[in-house]
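These notes concern the structure reproduced below.
Only the coordinates and a few stated rules stand behind these numbers; no lab work does. Quantities reported herein were computed from a predicted structural model and do not represent experimental measurements. Here the Cβ positions follow ideal geometry from the backbone for every residue, glycine too, while neighbour counts run over all protein chains shown.
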Amino acid sequence: MGQGRADAVAAIAALHAAPGATFAVQRILVDGAFAAVHYRGKLSAQDKGAAIVEIFRFDDRGMIVEHWDMFQPLPETSRNPHPMF
């Protein structure tokens, strides 16, 4: 993703334009200048999906100045009974 608002909007719009794409927010955490969003993302109805976490750091004007993300595809089977969501 490029720098700035226009690049961010274009990247996000492309993801949401995929037929059947869904993004279900599970939790939002905020601590001072940091915020994290944990969600399940699927690019189609047939897609198993992924666990995604986006972390943001904001400046004193509320503008995003740093962004990190983590992406973990959901496994077909689990070795334990604890679900990811």
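What angle do you read, to the nearest 10 degrees and between 0 and 90, between the alpha-carbon axis of helix 5-17 and the longest principal axis of the chain? For 5-17 against the chain, the angle is about 20 degrees.
Applying a DSSP loop filter and a limit of 12 other Cβ atoms within 10 Å to the GluC sites (Glu not before Pro) in the range 35-85 leaves Glu76. With the charge dipole of the chain set up from +1 on Lys and Arg Cβ and -1 on Asp and Glu Cβ about the Cα centre, the Cα lying farthest toward the positive end among the listed residues Phe23, Val53, Pro75 is that of Pro75.
What size of dipole, in debye to the nearest 20, comes out for the chain about its Cα centre when the only charges are +1 on Lys and Arg C-beta atoms and -1 on Asp and Glu C-beta atoms? Taking the Cα centre of the chain as origin, the dipole is about 280 debye. Within the chain, the ratio Rg/Rh, alpha carbon atoms throughout and Rh by Kirkwood, equals 1.02. If R0 is 25 Å, the Cβ-Cβ spacing of Asp47 and Gln3 corresponds to a FRET efficiency of close to 0.30.
Nearest 0.05, what FRET efficiency do Val30 and Ala10 give at R0 = 22 Å with Cβ-Cβ as r?
0.25
Loop-located trypsin sites (Lys or Arg not before Pro) in the range 27-78 (DSSP state other than H, G, I, E, B) with a sparse environment of at most 14 neighbouring Cβ atoms within 10 Å: Lys48, Arg61.
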